[in-house]
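The structure appears right after this line, and notes come after that.
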Amino acid sequence: MTRILVECPQQIASVRVGVLEPLKPLEETELCQVRYRDTKDITKEDICWCDVLICVRGCEYPTLRIVQAAKASGRFLIYFLDDDLLNIPSGNASTNYYRDNKIKVNLTRIVGLCDVLWAVNQQILFQYGKFIPRSILLRVPAKIWRQPPEASEQIHILYAGSADHSGLARELLVPVIQRLLKEYAGRVDFTFIGADPGLRNTAGVTTHPYFESYDEYQKQVQAGDFSIGLAPAYDTPFYACKYYNKFIEYSSYGIAGIYSDCEPYRQIVTQEKNGLL
């Protein structure tokens with residue numbers, strides 16, 4: 001079996017939804033063996049063990065050193081990317097981090113050492129294909145974990161996103177949420193995971209910080225009995241490079257999604273069949 005080592009600073013949704021889930025069918029048919037490690041936990045033994053190293057969104061110096069060691073050891077290197085990290089817009093919580101010149105240099109050096117770019121969006125291939133000779137476009141089908149909830153008088157609505165999306169949520173969602181809470185008082189409630197809408201102490205709104213553990217995040221979503229999931233996005237080149245992972249996550253838990261009518265959701269959502277644009 002091909003032995004695959006998956007690396008990332010932590011096991012974020014990009015790791016689980018973008019990489020580990022697509023590899024599961026290959027593991028089940030014993031075509032490969034997959035080992036995930038947080039970047040800080042990777043040892044020489046891990047690199048010696050693997051045939052393939054998959055670097056997920058790598059841009060830090062420890063990742064660069066790992067990729068350099070794997071390259072020197074003759075391992076096959078894959079760079080997985082689901083975001084335009086070199087062009088993070090202003091106003092995000094991570095803007096200053098990704099605009100740091102050292103981070104940009106690390107990212108381009110890491111990508112340049114890899115054999116293949118694994119992207120989930122055609123725009124990523126256009127943007128980053130210049131750094132790497134070979135690229136693949138591989139998307140992930142939704143795996144059903146829960147059927148839609150039964151109809152009820154109380155409608156539970158979810159928005160899940162990182163802290164980077166707090167500004168987007170406040171601009172695009174909060175005005176509508178305030179109106180709905182007033183018009184349908186006691187009949188709708190909203191839960192935010194990760195992003196902060198600035199609605200603390202508002203009746204009908206619950207906020208949770210970003211879950212470091214993806215397993216804990218999944219438990220929270222599954223326990224919430226959500227009927228509707230919100231996925232706003234700006235119609236900009238940066239958002240057009242994103243992955244429609246919210247569609248995958250919401251669909252997996254039987255949640256009807258409402259998505260902004262722009263890329264990347266136009267790639268996957270058919271109006272009123274598998275979601276609403």
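The values are calculated or read from the model by the stated rules, or taken from the named source; none is laboratory data. The structure displayed is predicted, hence computed values, not measured ones. Quick reminder, even Gly has a Cβ in these numbers, built from the backbone with ideal geometry, and neighbours come from all protein chains shown. When the accessible area is computed, the model is the full protein with side chains, heavy atoms only, and any ligands, DNA or RNA have been set aside. Shrake-Rupley method; radii C 1.70, N 1.55, O 1.52, S 1.80 Å.
Kindly indicate whether Val221 is of a type in the set (Val, Ile, Thr), within 28 Å of Asp83 (Cα to Cα) and at pLDDT below 95.
yes
Output the qualifying pairs, or none if there are none: Cβ atoms under 6 angstrom, residues six or more apart or on different chains, first residue in segment 51-65 and closer than 11 Å to Phe76 by Cα, second residue open to solvent by 40 Å² or more (accessible area, probe 1.4 Å) and among the polar types (S, T, N, Q).
Asp51/Thr2
Is there a residue being hydrophobic (A, V, I, L, M, F, W, C) and open to solvent by 20 Å² or more (accessible area, probe 1.4 Å) anywhere in segment 55-65?
no
Out of curiosity, is Asn121 under 21 Å from Phe247 (Cα atoms) and not small (Gly, Ala, Ser)?
Here the answer is yes, as Asn121 does meet what is asked.
Within segment 18-30, is there a residue that is in contact (Cβ under 8 Å) with a residue 40 or more places away in the chain and either touching a strand residue (DSSP E or B) at 6+ places or on another chain (Cβ under 8 Å) or open to solvent by 70 Å² or more (accessible area, probe 1.4 Å) (or both)?
Yes, some residue in segment 18-30 is in contact (Cβ under 8 Å) with a residue 40 or more places away in the chain and either touching a strand residue (DSSP E or B) at 6+ places or on another chain (Cβ under 8 Å) or open to solvent by 70 Å² or more (accessible area, probe 1.4 Å) (or both).
Which of (1) touching a Gly at 6+ places or on another chain (Cβ under 8 Å); (2) surrounded by 15 or more Cβ atoms within 10 Å (Cβ to Cβ); (3) closer than 23 Å to Phe238 by Cα does Pro149 not meet, given it meets every other one?
Among (1) touching a Gly at 6+ places or on another chain (Cβ under 8 Å); (2) surrounded by 15 or more Cβ atoms within 10 Å (Cβ to Cβ); (3) closer than 23 Å to Phe238 by Cα, Pro149 violates only (3).
State the number of residues belonging to segment 95-132 that are surrounded by 14 or more Cβ atoms within 10 Å (Cβ to Cβ) and not in a helix (DSSP H, G or I).
Qualifying residue count for the region: 9.
In segment 171-207, how many residues are open to solvent by less than 70 Å² (accessible area, probe 1.4 Å), outside any strand (DSSP E or B) and in contact with a strand residue (DSSP E or B) (Cβ under 8 Å, 6 or more places away or on another chain)?
9
So, in segment 223-277, exactly how many residues are open to solvent by 40 Å² or more (accessible area, probe 1.4 Å), of a type in the set (Val, Ile, Thr) and not in a loop (DSSP other than H, G, I, E, B)?
2
Would you confirm, using the coordinates I've provided, whether Ala142 is under 19 Å from Gly18 (Cα atoms) and assigned to a strand (DSSP E or B)?
So Ala142 does not fit the description; no.
Within segment 195-214, identify whether any single residue is within 27 Å of Leu85 (Cβ to Cβ), among the small types (Gly, Ala, Ser) and touching a residue at least 40 places away in the same chain (Cβ under 8 Å), and answer yes or no.
For segment 195-214, residues within 27 Å of Leu85 (Cβ to Cβ), among the small types (Gly, Ala, Ser) and touching a residue at least 40 places away in the same chain (Cβ under 8 Å): present.
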